[in-house]
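> I'd like to ask you about the structure that follows.
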Amino acid sequence: MGTDNLEVVNREGAAAGFQGSGKSTGFEKIKNMIADKLHSAAEGLGEKGVVQDEECGTAKYRKQASEWLDHSAESVRKFDYKEADASIREYVKQRPGRSLFIAGAVGLMIGAILRRR
């Protein structure tokens, strides 16, 4: 009877490990897809800037926007949701009142946006 329980626990642990890896893999795919789109937008903006450099004086702004998009793409690639989750949980433990206020304000804004539609 003891080994049967151990087998069930081992199977559940293996299943949980498999589900967790599937979630992170899906999250990683989405994260990489967003980063690729940001990088593509940065490249496109940079290419337009090179072509239109002589026509208008916005080249430096295009270059700056392209650099920001590239930086954003790298930030998205480096984002660790487990670290963010731990950080948010710690913040809520330290400041529960402020956390409730922020959550309520965000809820009211989302409600107002959805009500207008």
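> According to a simple spin-label model (label point 7 Å from Cα along Cα-to-Cβ), what is the distance in nm between Lys93 and Leu108?
If labels sit at Leu108 and Lys93, their model points lie 3.0 nm apart.
> Highest first, please rank the peptides 28-35, 79-86 by the mean number of other Cβ atoms sitting within 10 Å of their residues.
28-35, 79-86
Any read-out appearing in this document is the output of simple, stated calculations on the displayed coordinates, not a laboratory observation. All values derive from a computational prediction rather than experimental measurement. We place every Cβ from the backbone using ideal geometry, glycine too, and count neighbours over all the protein chains shown.
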